[in-house]
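The values are calculated or read from the model by the stated rules, or taken from the named source; none is laboratory data. This one's a predicted model, so the numbers in the text were calculated from it and none came from an experiment. Glycine gets a Cβ as well: all are built from the backbone with ideal geometry, and neighbour counts include every protein chain shown. Side chains included, ligands, DNA and RNA excluded: accessible areas come from the protein's heavy atoms. Shrake-Rupley method; radii C 1.70, N 1.55, O 1.52, S 1.80 Å.
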There are 2 protein chains.
Amino acid sequence: MSYLERIAVCRHWNPGGYRPFTIDGAVLGRVTHGFARRLEAFPKVFTVSDRTVTLAPELGDFETRSAAVREVLLELKRSGEVPLWRDEDYPVLRRWGEAPALKMERAAVPRFGVRGFGVHLNGLVRGADGLRLWVAKRARDKQTAPGKLDHIVAGGQPYGLGVAENLIKEAQEEAGIPAALAAKAVPVGAVSYRCERREGLRDDVLFCYDLELPEDFTPANQDGEVESFALWPMEEVLARIRDTDDFKFNVNLVILDLALRLGLIAPDDPDYQEIWEGLRLSQ
Amino acid sequence: MSYLERIAVCRHWNPGGYRPFTIDGAVLGRVTHGFARRLEAFPKVFTVSDRTVTLAPELGDFETRSAAVREVLLELKRSGEVPLWRDEDYPVLRRWGEAPALKMERAAVPRFGVRGFGVHLNGLVRGADGLRLWVAKRARDKQTAPGKLDHIVAGGQPYGLGVAENLIKEAQEEAGIPAALAAKAVPVGAVSYRCERREGLRDDVLFCYDLELPEDFTPANQDGEVESFALWPMEEVLARIRDTDDFKFNVNLVILDLALRLGLIAPDDPDYQEIWEGLRLSQ
């Protein structure tokens, strides 16, 4: 077992199984050949060829595109082809801060292999006995990754909300962190990956934050999505990542990024460069 | 002017101007077509085709390859075709920690577009008035980048020395930092880039370290390569990077990485993702 196995999971996908999803000539996602054939049923919205799926060029602006795609997705929802509907829109873009081409129901994002964005917070406690990390155990009835180990706070980045705003909102909902405390979280970089999951092709950028929490703070989940929280020494966290896949697949990357920034993995480690390169997608 | 211009300089090269330099089927560098033709004069060492330059397969091991290439380079040194001879060997490999295919005089590394490794140290002082960074001004008679602004400590990574060892050695030579203090430096990640410079194709990985220095420490250069040191507020450092190219080309990347890790550039900045992506080479 090794860190590199955790990274490999986040980079595992078969390019031959997909064709690009393009809008106005730009590749904004990737769809399976099977899903592409399904989209042939909606020729006013999608132009499907053997090689690509393109949003119909008549759909010229953000609002028109968003409404037309939504109609298709609602039909696929009714037929059970887009499960786990969230009623939450994601922007469709390649780089956060660009003008999105449209907005799209979150549940459909991996079906279109569209880039998803998220925020993950390393909740740290620095004490006499070294550095510890708050680890959440996801509720067993959660639809994705039930029972897996997770960050104290992590969430998807919906359309219309800034990253810093979203972090503060999620910190309140997931761990009961007051806004004034959450606002002290420091953005420290990002990780990115592309991999096949049950829900489709995940092509994600996760913005990473560190927050040093006072020793007397205890997280309290507000939304029922967390079974329990525990404070772990960093060495235990890293051993668990190295030896098991108990952490949710993408949480491993954010914690490995933390370990690199803290010098807990150093350049003379023979795996160093491969770990470091593996935390970011090669375009 | 913007951070992105500093990054663009470190990514500027013309792939069409080069052919791969391969050993045993692996691409370990890139040579200009002109230099490839020059290497045709050494058919016992290099097999040159229109598409590649390959190390002669008869040269089967590290010692044989290193000695054969050294003979060629000494001849090119005598004819002035490999200037700035250093008498310092670099390992030839793609990932630090791999077994090198051979070792090669440092001055020749960019002629072969072979990956170079280095260490850069952010020398930080945390005080009542915020975070400051020690900035060196390179001596005006230095062969590369005379007069440019630089890190307190930065150096190439020679064959046969660990990264942590090299940092401690360079810290002593360049800034008079005692070994016990330098050993507290924390490895915090890396940056990578590929770009054309006067000396050839630079394809580098720089290991980045942070060291918090006591307020009463003053660096003292031991090797004549630094004209002066000064302690700058981080905001001034970043403004200078944004508005000028006064810093040595690759130092900009290491300081931008520092700024991302410190949250001085945040995800809601529209350039964030492009800056973050730009600090690492896409393979």
- Amide H partners (placed H, <5 Å) of A:E105, local residues excluded: A:Y90
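Out of all DSSP beta bridges in the protein assembly as shown, what portion is antiparallel? Express it as a percent rounded to 5. Mind dumping the intermediate values first?
Working: 84 of 110 bridges.
Taking every DSSP beta bridge within the protein assembly as shown, about 75 percent pair in antiparallel fashion.
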- Task: Can you work out the accessible area per residue across the range A:1-63, with the rest of the protein chains kept in place, probe 1.4 Å, in square angstrom?
- Result: 55 Å²
- In Å, descending, principal axis extents of the Cα set of the range A:48-202: 62, 32, 26
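Run lengths n ≥ 4 of DSSP H only: what is the helix-derived mean residue ellipticity at 222 nm for chain A, with -39500 (n - 2.57) per run over all residues, to the nearest 500? Let's see the in-between values first.
Working: 8 runs with 76 residues, N = 283.
Helix-only estimate at 222 nm: -7500 deg cm²/dmol.
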- Here the residues of the range B:111-155 lying in the modelled label zone of B:A239, meaning backbone nitrogen under 16 Å from a point 7 Å along Cα-to-Cβ, are B:130-133
- Between helix B:234-243 and chain B: long-axis angle, C-alpha atoms, 0 to 90°, nearest 10: 50 degrees
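I need the shape label for the protein assembly as shown. Rule: rounded when a/c is under 1.5, else prolate if a/b > b/c, else oblate, with a, b, c from the alpha carbon gyration tensor. Walk me through the numbers on the way to the answer.
Values: a/c = 1.98, a/b = 1.36, b/c = 1.46.
Note, shape of the protein assembly as shown comes out oblate.
Viscosity 1.567 mPa s, temperature 4 °C: what is the translational diffusion coefficient of chain A from Stokes-Einstein with a Kirkwood Rh over Cα pairs, rounded to a whole number of µm²/s?
The estimated diffusion coefficient comes to 65 µm²/s.
Suppose every K and R has +1 on its Cβ and every D and E has -1 on its Cβ; what is the size of the dipole of the range A:1-84 about the Cα centre, in Debye to the nearest 20? Present the calculation step by step, with values, prior to reporting the outcome.
Working: 12 positive and 10 negative charges, 65 e Å.
With Lys and Arg at +1 and Asp and Glu at -1, about 300 debye.
Report, as an integer, the average count of C-beta atoms from other chains found within 10 Å of each Cβ along A:89-98.
If you average over the peptide's residues, the count of other-chain Cβ atoms is 3.
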- What is the helix-to-structure angle for B:163-175, meaning the angle in degrees between its Cα long axis and the longest Cα principal axis of chain B, kept from 0 to 90 and rounded to the nearest 10? 60 degrees
- Once the Cβ-Cβ distance between A:S79 and A:R140 is put in as r, and R0 is 25 Å, what FRET efficiency do you end up with, to the nearest 0.05? 0.30
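List the accessible area buried at the contact between A and B, summed over both sides and calculated with a 1.4 Å probe, in Å² to the nearest 100.
Buried area (both sides, nearest 100 Å²): 2900 Å².
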- Counting Lys +1, Arg +1, Asp -1, Glu -1, what net charge surrounds B:W85 among other residues with beta carbon under 14 Å of its beta carbon? -1
- Item | Amide H contacts under 5 Å for B:G29, placed H, 5+ residues apart | B:F21
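For a test of the definition: using alpha carbon positions, the gyration tensor, and the 1.5 limit on a/c, classify the range B:27-86 as rounded, prolate or oblate.
oblate
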- What are the ³J(HN,Hα) values, in whole Hz, obtained from phi via the Karplus relation 6.51 cos²θ - 1.76 cosθ + 1.60 with θ = phi - 60°, for each residue of the range A:21-33 in sequence order, with x given for Gly and Pro? 9, 10, 9, 6, x, 9, 7, 10, x, 8, 10, 5, 4
- Message: Distances in nm, one decimal, shortest first, from A:A183 to the same residue in every other copy, taking the label point 7 angstrom along Cα→Cβ.
- Response: 4.4
- Message: Just to confirm, what accessible area per residue do you get for the range B:187-283 at 1.4 Å probe, in whole Å²?
- Response: 37 Å²
- Here the correct list, in nm and shortest first, of distances from B:D141 to the same site in the other copies, label points 7 Å along Cα→Cβ, is 7.9
- Message: Suppose each label sits 7 Å from its Cα in the direction of the beta carbon; what would the B:D87-B:E215 distance come out to in nanometres?
- Response: 4.5 nm
- Item | Dipole magnitude of the protein assembly as shown, debye to nearest 20 (Cβ charges: Lys/Arg +1, Asp/Glu -1, about Cα centre) | 1760 debye
- Task: Looking at chain A, send over the antiparallel percent of its DSSP beta bridges, to the nearest 5.
- Result: 75 percent
- Message: Quick check: the distance between the Cα centres of the range A:124-144 and the range B:96-150, to the nearest angstrom?
- Response: 38 Å
- Task: Give the calculated FRET efficiency between B:S49 and B:E225 to the nearest 0.05, with a Förster radius of 45 Å applied to their Cβ-Cβ distance.
- Result: 0.65
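Rounded, prolate or oblate for the range A:103-155? Axes are the square roots of the Cα gyration tensor eigenvalues, ordered a ≥ b ≥ c, and the cut-off for rounded is a/c under 1.5. Provide the component values of the computation, followed by the final result.
On the way: a/c = 4.41, a/b = 2.02, b/c = 2.19.
Taking the square roots of the gyration eigenvalues as a ≥ b ≥ c, the range A:103-155 is oblate.
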- Put the label 7 Å from Cα along Cα→Cβ for A:S228; what are its distances to the other copies, in nanometres, shortest first? 6.2
- Once the Cα atoms of the range B:131-262 are picked out, what are the Rg and Dmax in Å? 14.2, 41
- Query: How compact and how long is the range B:226-276, expressed as Rg and Dmax of its alpha-carbon atoms in Å?
  - Reply: 11.7, 39
- Item | Highest-first arrangement of B:242-250, B:86-94, A:166-174, A:178-186, where packing means the average Cβ count within 10 Å | A:166-174, B:86-94, B:242-250, A:178-186
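Ordered by packing density, taken as the mean number of other Cβ atoms within 10 Å over each peptide's residues, highest first, how do B:266-273, B:125-132, A:130-137 rank?
Working: B:266-273: 17.6, B:125-132: 12.9, A:130-137: 19.4.
Ranked by mean Cβ neighbours within 10 Å, highest first: A:130-137, B:266-273, B:125-132.
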- Message: If you average the alpha carbon positions of the range A:208-281 and of the range B:154-185, how far apart do those two centres end up, in angstrom?
- Response: 29 Å
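Measure off, as a whole percent, the carbon and sulfur share of the 1.4 Å-probe accessible area of the range A:119-247, all protein chains present. If you can, show how the numbers build up before the last one.
Details: 2520 of 5240 Å².
Carbon and sulfur atoms account for 48 percent of the accessible area of the range A:119-247.
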